[in-house]
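Colleague: One structure, as structure tokens, below. Some questions next.
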Amino acid sequence: MTIKEIAKLAGVSNAAVSRYLNGGSLSQEKRAAVAAVIQKTGYRPDAAAQTLRSKVTDYIGVIVPKISSDAVSRMTAGITQVLSQQGYLCLLANTDNDSERELTYLDLFESRSVAGIILMATVLSPRHQDAIRACSVPLVIAGQQCEGVPCVYHDDFNAARELTEGLLRRGRRKLAYIGVTEQDVAVGQRRRQGLRTALSQAGLSTDIPTRQSPFTVEGGRAAMEELLQVCPDLDGVMCATDLIAIGAMEALRTAGRRLPEDVSVAGIDDSWAGLHISPKLTTAHFYYETCGAEAARMLLSLVEQKGDALPVRQTMLGYTVVERESV
């Protein structure tokens, strides 16, 4: 017998059973329902788990795509700060950008009766969306927008649009783009859409040389080398992320191109690394720590409602273009 099974028999959430077992706040009606099921089934919680659980108010599962990512670490910092202030313990699961592992962790956290889950999503496949909507514990998505699900996300479209407009104001007309997989709606699709909108509004063709890259410096370097083969006279490069942009800049310097005299380069994320290269990288600053903190507050508001239905909140955060030397 598991907590999940008790919750189903009692007609309450997993979190409600967890609060009952750990002496947390619970309505009299739900407390009576859980007590009746426990008495009938003879359920006894694991003593070691109970001892550990008694040291904190509850647990929140946080699923991240890559713990080494600067953006992920900043979001995690915002999450843990809010959770610790409210007496919650963060259980961190790193998927290494493996979408199947995301689904595994979603199921694991749900079955272990965490109070709630924060998912830093990259790819939201139909299977992901089904699992998210079927989740029996409160869940908030950070970094992507998902219809009908509480989430906190960034204005990827307008950040890319404004940065591309900056390249055009600099007089750049032979642009190239290095993006990421378009399975990632926020970074892959919306940032490219922002670029294309800026080009269209300027009366330019949106059919420009484009390559996809992993979220790495090495990927950006390889993509840039390919672009120089097909468009050796390019004079501006928009990149989906800062790390990709740094790799592109390395390839351009190796090819003898001066930055920004011959080629202007822009990225998105405002990674610390962009300040430690020459020339310093023009980028868009996203408020990742704020994103994490807001996602945690949104989740805790759902947890504290003890399963009561609430309107779905979706919050889009702004950005700030940071003009440096690469453009």
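Colleague: For the range 213-232, how many residues are open to solvent by 40 Å² or more (accessible area, probe 1.4 Å) and in contact (Cβ under 8 Å) with a residue 12 or more places away in the chain?
Modeller: Qualifying residue count, the range 213-232: 9.
Colleague: Across the range 183-202, what is the total count of residues that are open to solvent by 70 Å² or more (accessible area, probe 1.4 Å) and either assigned to a loop (DSSP other than H, G, I, E, B) or of a type in the set (Val, Ile, Thr) (or both)?
Modeller: 1
Colleague: Look through the range 1-35, keep the residues that are open to solvent by 50 Å² or more (accessible area, probe 1.4 Å) and of a type in the set (Ser, Thr, Tyr), and return whichever of them is farthest from residue 111 (Cα to Cα).
Modeller: Selected residue: 25.
Colleague: Taking the range 266-314, which residues are among the β-branched types (Val, Ile, Thr), within 19 Å of residue 156 (Cα to Cα) and either part of a helix (DSSP H, G or I) or out of contact with any Lys or Arg (no Cβ under 6 Å at 6 or more places or on another chain) (or both)?
Modeller: Within the range 266-314, 268, 283, 290 meet the criteria.
Colleague: From the residues in the range 64-105 that are in contact (Cβ under 8 Å) with a residue 40 or more places away in the chain and more than 22 Å from residue 271 (Cβ to Cβ), which one is surrounded by the most Cβ atoms within 10 Å (Cβ to Cβ)?
Modeller: For the range 64-105, the residue satisfying everything is 83.
Colleague: Still on this structure, please answer the following. Among strands (runs of 3 or more DSSP E) lying entirely in the range 114-179, which contain 3 or more residues that are closer than 22 Å to residue 303 by Cβ?
Modeller: Passing ranges, in order: 116-120, 139-142, 151-154.
Colleague: Now, a different point. For the list (1) open to solvent by 70 Å² or more (accessible area, probe 1.4 Å); (2) polar (S, T, N, Q); (3) in contact with a Phe, Trp or Tyr (Cβ under 8 Å, 6 or more places away or on another chain), I need the number of the one condition that residue 210 fails.
Modeller: (1)
Colleague: Which condition number in (1) of a type in the set (Lys, Arg); (2) part of a helix (DSSP H, G or I); (3) modelled with pLDDT under 95 is the one that residue 253 fails?
Modeller: Looking at each condition in turn, residue 253 falls short on (3).
Colleague: Can you confirm whether residue 100 is modelled with pLDDT under 90, closer than 21 Å to residue 5 by Cβ and assigned to a helix (DSSP H, G or I)?
Modeller: No; evaluated as a whole, the condition is false for this residue.
Yes or no, residue by residue, for (1) under 22 Å from residue 126 (Cα atoms); (2) among the charged types (D, E, K, R):
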site	(1), (2)
150	yes, no
153	yes, no
161	no, yes
164	no, no
169	no, yes
176	no, no
201	no, no
218	no, yes
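The values are calculated or read from the model by the stated rules, or taken from the named source; none is laboratory data. These figures come from a predicted structure and were not determined experimentally. Neighbour counts are summed over all protein chains in view; Cβ atoms, including those assigned to glycine, are modelled from backbone coordinates with ideal geometry. Heads up: the accessible areas ignore ligands, DNA and RNA and are worked out on the full protein's heavy atoms, side chains in. Shrake-Rupley method; radii C 1.70, N 1.55, O 1.52, S 1.80 Å.
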